[in-house]
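Report on one structure; see the data block that follows.
Only the coordinates and a few stated rules stand behind these numbers; no lab work does. Only a predicted model underlies this, so the values are computations on that prediction, with no experimental measurement involved. Cβ atoms come from the backbone with ideal geometry, glycine included; neighbour counts cover every protein chain shown.
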Amino acid sequence: METRAPFVIVGAFILAAIAAVFGFVYWLNNTGGLGARTSYNIQFSGSVPGLLVGAAVLFNGIRVGEVTSLALAADSPRKVNAVIAVLPDTPVRADTKVGLDFQGLTGVPVVALEGGAQLAASGPVPTLVAEPGAGQSMTQAARDALRRVDSILADNAEPLQSTLANLKTFSEGLARNTGKLDNIVAGLERMTGGGPAAAPKIVYDLTLSRQRATTPRQLKGQLVLADPSAILMFDTQRILVTPPGGDASAFADVQWGDSIPKLVQAKLLQSFENDNVTPPPAREIDGIESDYRLLVEIRTFQIELGDQPRAEIGLSVRILGKEGHIVAARSFEAARRLETNNGPAAVKAFSEAFSTVASDVVGWTGEILRQ
């Protein structure tokens, strides 16, 4: 047994070596690149830096073959002709896109193929032409971009210098007018409601001084009060103040509870109710059919400053019949002095002046429309 053992080991080793050789040959024929291949010609319009014979060929990112030949084009020294060998079932079409891809940290170049739009082969595939710039590496592309930027800067050196000079002049102007710019920004903040939150304003209402009448005042038809009209200055909740020969302003800490036209309409209706007028007047918005309409135009509703500030109210009133004709028209005015020049004193003076005007309007209307 001892003399036969070495022969068994030697025989097993020889059989293993033969199997390894057959396996290696099989790998070469099927995977290692010695199997059946289909060759295609590729033409690059520029340089192909780093591309070597034996470089991988990828189709949609999958390795399908290798480069078998590289040579300069005989008809144009700027072009490079390459031959690739790929697996027979690789779907190379006439419109297959060709380019170079650089893989890994070292940027090893490979030929990259991308499937075309044609679904089936349409005869022999002609020479595949790579897109212009397909052989450019990232470094070369960066160099070309910088070269173009440098060319643009060189061609436009004078306009750029002029622009920089204008920017310098503009920045110097901004520096000289920093204070004015701060004021402009602060004004914009106030106009748009920005900046620190303003303190809430105190809201006031007109107070009528006349008590309710006990004897009813009968009108000969239904009276409806239209929404009073006013210029834009008086269509506000601000308590307006006008200095002599100056522009209107307002008290900063007080305001009316509603816009002046709405306030006038509500208080006139209250005055008619206090005077026990029947049928009671209504607003147009109530939808009541009217026999007469009371039109009110606000002529003035402000504090006039001077030696003695005073609250001035002026109304122009017209009574219209059912057909729209003017039955009567009259202007009403009243003024009251302010005890002190502040918001509460202004509200008190306005209330006294409006009580007088409202009483006159109600009395005049009752006389015109008395039954």
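Viscosity 1.306 mPa s, temperature 10 °C: give me the Stokes-Einstein translational D for the chain in µm²/s, with Rh taken as the Kirkwood radius over C-alpha pairs. The diffusion coefficient I find is 50 µm²/s. Were the residues from residue 284 through residue 69 laid out at 0.36 nm apart, the gain over their Cα-Cα distance would be 67.7 nm. With all pairs of different C-alpha atoms in the average, the Kirkwood value for the hydrodynamic radius of region 204-368 is 16.4 Å. A helix-only calculation puts the chain at -11000 deg cm²/dmol for mean residue ellipticity at 222 nm, using -39500 (n - 2.57) for each DSSP H run of at least four residues, averaged over all residues. Under 5 Å from the amide H of residue 94 lie the amide H atoms of 122, each residue being 5 or more positions distant or on a separate chain, with H modelled from the backbone and absent for Pro and chain starts. Relative to the compact-globule estimate of 2.2 N^0.38 Å, the Cα radius of gyration of region 210-301 comes out at 1.31. For region 204-368, the share of DSSP beta bridges that are antiparallel, to the nearest 5, is 70%.
In a DSSP loop and with at most 10 other Cβ atoms within 10 Å, the GluC sites (Glu not before Pro) in region 270-342 are 289, 323. Summing charges over all other residues whose Cβ lies under 9 Å from the Cβ of residue 296, with Lys and Arg as +1 and Asp and Glu as -1, gives -1. The lysines whose alpha-carbon is closer than 18 Å to the alpha-carbon of residue 220, local same-chain residues fewer than 8 away aside, are 322. A dipole drawn for the chain from +1 and -1 charges on Cβ atoms has a positive end, and of 229, 338, 252 the residue lying farthest that way is 252. Within the same chain, lysines fewer than 8 places from residue 348 are excluded, and of the rest, those with a Cα less than 29 Å from its Cα are 201, 262, 267. Sequence-distant contacts, meaning Cα pairs under 8 Å at least 6 residues apart, place the relative contact order of region 204-368 at 28 percent. Rounded to the nearest 20 debye, the dipole magnitude of the chain is 200 debye, with +1 charges on Lys and Arg beta carbons, -1 on Asp and Glu beta carbons, and the Cα centre as origin.
Close amide H pairs (under 5 Å, H built 1.01 Å from N) link residue 66 with 57, 85, residues at least 5 positions away or on another chain. For region 314-371, a crude dipole built from +1 on the beta carbon of Lys and Arg and -1 on the beta carbon of Asp and Glu, taken about the Cα centre, is about 60 debye to the nearest 20.
Net charge dipole, region 204-368: roughly 320 debye, given to the nearest 20, about the Cα centre with Cβ charges of +1 for Lys and Arg and -1 for Asp and Glu. The H on the amide N of residue 217, modeled in the peptide plane, is under 5 Å from the matching H of 277, 278, each at least 5 residues off or on a different chain. When only Cα pairs below 8 angstrom with a gap of at least 6 residues are kept, the chain shows a relative contact order of 12 percent. A Förster radius of 30 Å combined with the Cβ-Cβ distance from residue 295 to residue 184 puts the calculated FRET efficiency at roughly 0.10.
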